[in-house]
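First the structure, in the form of structure tokens, and then the observations on it.
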């Protein structure tokens, strides 16, 4: 075929970006994992050179050797978690499907790879009372107008950090109380928000006009008129959640988890929650169906004749 490993990986990454609409961050992540795969192939002697190599040399024995290296229990340095190994296997499977479709390999060697069994962790959530305290009267002096608008929108919609940062003001409909967000794979969805978030956004809109000296399209800008960035937003959320919870995790994703859990606790259909969160698979949403004490009490009161 007279092509280098680097050329093939570049073609694969271009396919992800152009054909699959993967975000820049996702493509970078795939590049890191595929670079590690090729680097291991060279160092372990499965291929002699990255130039003019035969992709069929990266066969099933090679893949099994690579995965075994990742999960070696005797390695103290560079050992990977089951979650990281699962992600790398997922990248490998995507790469090999691409190679097989392009007829660069004679068979899809990755089809036999098995994902490690992951220990299911319950998502970290805030209680309804904790969020009510944070967004109620008590902490009005603690929360800035920007902070309150951000937290209200996170909790009211369950959107991701990247979706909130990149949300454009033109995609906020105050009349229908909906926002249009671009999620993973550049897929757009419409998400409603509640009255509390509407009030917080209206209060914020007055200071946004003053702060937006750079005339940005983004809904949220900082006091200097710059687009919010992830580290600053994470610090903001951590500081505010620390007012009401002792949970070790205090991130924007905790508000997303809380949004989904509280909807299900109060009887929302899991398929509707899946669509609101922008999940592709229902199995991803099912992590929120863990039984909480609040839900047990509600089920008991509703179902038991002498409750």
For this session: Find the centroid of the Cα atoms in the range 219-262 and in the range 1-45, then give the distance between the two in whole Å.
Result: 33
Exercise. Contour minus end-to-end for residue 18 and residue 122, with contour as 0.36 nm per residue of separation and end-to-end as the Cα-Cα distance?
Worked result: 33.9 nm
Problem set entry | Computed [θ] at 222 nm, helices only, for the chain once each DSSP H run of length n ≥ 4 contributes -39500 (n - 2.57) | -16000 deg cm²/dmol
Problem set entry | Dimensions in Å of the chain - Rg and Dmax from alpha carbons | 23.6, 77
For this session: Using only alpha carbon pairs under 8 Å that are at least six residues apart, calculate the relative contact order of the chain and give it in whole percent.
Result: 16
Seminar exercise, completed: If R0 = 22 Å, then residue 270 and residue 190, at their Cβ-Cβ distance, give a FRET efficiency to the nearest 0.05 of 0.70
Exercise. Stretch residue 145-residue 31 to full length: gain in nm at 0.36 nm per residue minus the Cα-Cα span?
Worked result: 37.0 nm
Seminar exercise, completed: Taking Cα pairs closer than 8 Å and at least 6 residues apart, the relative contact order of the range 5-112 in percent is 24
Problem set entry | Cα gyration tensor shape of the range 4-143, rounded if a/c is under 1.5, else prolate or oblate by comparing a/b with b/c | prolate
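Throughout, read-outs are computed from the coordinates displayed, never taken from laboratory work. Computed from a prediction, not measured in an experiment: that's the story for all the values here. Glycine also receives a Cβ, built like all others from the backbone with ideal geometry; neighbour counts cover every protein chain displayed.
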